[in-house]
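The structure under discussion appears below in the form of structure tokens.
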Amino acid sequence: MDFAQISPPKTPSAWLDMDALDHNIALVNQKTQAVNLRLATKSIRSTDVLHYIKANSPNFIGLMSYAADESVYLLENGFDNILCAYPTLDMISVKKTFQYTKQGATMIWMVDRPEHVDMLNRVAQENETVIDICLDINMSMPLPKLYFGTKRSALLSKKDVKTLLKHIKKSANVNVCAAMGYEAQIAGLPEHLPGKALLTPAIRLLKNRSQKQVSQRRGSIVNWLKKQGYELQLVNGGGSGSMDFTSSQPEITEITVGSAYYKPAYFDYMDSMAAFQPAAGFVLPVTRQPEKGVITCHGGGFIASGAIGIDKAPVVHYPSNLTLLNDEGFGEVQTPMMLSKVGKKATKGDSDLKIGDAVWCRHAKAGELCEHFNELIGYRDASNQVQATNNESNDVNGSVSTGVKVLKTMTTYRGEGKCFH
Ligand SMILES: Cc1ncc(COP(=O)(O)O)c(C=O)c1O
């Protein structure tokens, strides 16, 4: 998208480059065509965008939600086939889903501990129903001095699964209908962490080794479950960074993808994401100029979750000649930037930005961007207009300039007054 042509954009606001989004949707579809596609809602956080991706993804099967109350909200909004990715203690929301499941909707809850099973079993029993559950199999690779993976599920081995299943057999109101093995250390770990170039070969090596172990462990547990008579509706795996690998695994029936659609800055550091295009971010107004060569934007302090580091900070996307100040970074409500690259003297043209201009940035993570804005403003290059789908009838203010059009605003969860955790 030619950001220079969007003048003036609404600031601060969140942007969605519809051409880049379409590119990413097509690429996801191409990479995952061998399996079903489940959208990770935590990385989208907008029902408008979920509907848009769904409408353009032939292998779409359902959603991976991240919270129980969010799952209710998605069912209320007409979505079906929801797999809640993380165990929940919110039985009030679980109960609210029964009105939908009793009418045939698919709602599956994640478990990896007897406590999860007991709570679900109890609420199902009290409401004279049966709850579908999914076993979360831990795909991490523990090594003698390094745990290569994520510490979430307690089901690391077949033995762990067998023990939990023994407990589940005593629970008449839950039904094991699915298995998930999310290889986070392959799908979500970048090879090129900023300032850590020396780690790149080690990360690549570990990912490679881990892939072999994931294939073996997930494949053998799934085969064993089937031999025991469990009829698995789905075997879920993967994420944005492992599309090629996960889609090629014989035990997998579906892959989850979310971040690839917006391609936030954190995914710039990942080998497998090179062909994806940045599709979402936020744009800030330049409101101050404290000295020559420095401008200050209003807003910007949208830091991503995870282990604290520079890779969790937003990045400036356009114009390219701006540098953050080490002492300030992206500030809570003010973000100063130098009008030149570090170590270089300002050259002619660098000082072009003035008060009232816009600075286009990207968040490090995908869905978290949407927690800061009520809507994503969709732009499309006018020359690609012909491809605009019927979904784009909701123009907000038509043409803002010759080349780029504002097509549609997509409301975020936040814009709908929703805040899920
Ligand atoms: C269980 C699970 N599956 C899949 C994903 C992949 O999501 P994304 O494609 O946004 O990286 C995640 C992300 O954290 C996850 O927790």
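Please compute the length gained on full extension between LYS54 and ILE92, using 0.36 nm multiplied by the number of residues separating them and subtracting their Cα-Cα distance. Intermediate values should be presented prior to the final figure.
On the way: separation 38, 0.36 × 38 = 13.68 nm, distance 2.84 nm.
Gain on stretching LYS54 to ILE92: 10.8 nm.
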Taking the Cα centre of segment 208-274 as the origin, how large is its charge dipole in debye, to the nearest 20, when only Lys and Arg (+1) and Asp and Glu (-1) carry charge on their Cβ atoms?
320 debye
Let me know the charge dipole size of the chain about its Cα centre in debye, to the nearest 20, where only the beta-carbon of Lys, Arg (+1) and Asp, Glu (-1) is charged.
1400 debye
Which aspartates and glutamates, if any, have their Cα less than 18 Å from the Cα of LYS95, not counting same-chain residues under 8 positions apart?
ASP69, GLU70, GLU76, ASP80, GLU115, ASP118, GLU126, GLU128, ASP132
Karplus (6.51, -1.76, 1.60) ³J(HN,Hα), θ = phi - 60°, over segment 255-262, in Hz, Gly and Pro reported as x
10, 9, 9, x, 4, 4, 6, 8
In whole percent, what relative contact order does the chain give with Cα contacts below 8 Å and a gap of six or more residues?
20 percent
Give the percent of DSSP beta bridges with both residues in segment 106-265 that are antiparallel, rounded to the nearest 5.
15 percent
Of LYS31/LYS166; LYS54/LYS365; LYS212/LYS365; LYS31/LYS408, which sit over 31 Å apart, Cα to Cα?
LYS31/LYS166
Of ASN223, LEU369, GLN233, farthest towards positive along the dipole that unit charges on Lys, Arg, Asp, Glu beta carbons give the chain
ASN223
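Determine the shape class of segment 1-48: with a ≥ b ≥ c the square roots of the Cα gyration tensor eigenvalues, call it rounded for a/c under 1.5, and otherwise prolate if a/b is greater than b/c, oblate otherwise.
oblate
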In Å and whole numbers, how far do the C-alpha atoms of the chain stretch along each principal axis, longest first?
73, 50, 36
Sorting check: for 221-228, 27-34, which peptide has the highest mean count of neighbouring beta carbons within 10 Å, and how do the rest follow?
27-34, 221-228
Segment 210-229 and segment 37-95: distance between their alpha carbon centers, rounded to Å:
26 Å
For segment 51-205, give the magnitude of the charge dipole about the Cα centre (Cβ charges: +1 Lys/Arg, -1 Asp/Glu; no others), in debye to the nearest 20.
640 debye
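Return the percentage of antiparallel bridges among DSSP beta bridges fully within the chain, rounded to the nearest 5 %. Write down the numbers at each step before the final one.
Numbers: 32 of 66 bridges.
Antiparallel: roughly 50 percent of the beta bridges in the chain.
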Over 22 Å between C-alpha atoms is what I'm after, so list which of LYS169/LYS226; LYS42/LYS226; LYS151/LYS418; LYS96/LYS169; LYS158/LYS226; LYS196/LYS312 land there.
LYS42/LYS226; LYS151/LYS418; LYS96/LYS169
Excluding ligands and nucleic acids, what accessible area in Å² is computed for TYR182 using a 1.4 Å probe, to the nearest 10?
80 Å²
Which shape class, rounded, prolate or oblate, goes with segment 1-151 when its Cα gyration tensor gives a ≥ b ≥ c as root eigenvalues, a/c under 1.5 marks rounded, and past that a/b bigger than b/c marks prolate?
prolate
Dipole of the chain, positive direction: furthest Cα of ALA4, HIS51, GLY309, with charges on the beta-carbon
GLY309
So what is the accessible area of the chain per residue, in Å², with the probe set to 1.4 Å?
45 Å²
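The values are calculated or read from the model by the stated rules, or taken from the named source; none is laboratory data. As the structure is a computational prediction, the values presented were derived from the model and not from experiment. Note that each Cβ is placed from the backbone with ideal geometry, even for glycine, and that neighbours are counted across all protein chains shown. For the accessible areas, the whole protein counts, side chains as well, though only heavy atoms, and no ligand, DNA or RNA atoms are used. Shrake-Rupley method; radii C 1.70, N 1.55, O 1.52, S 1.80 Å.
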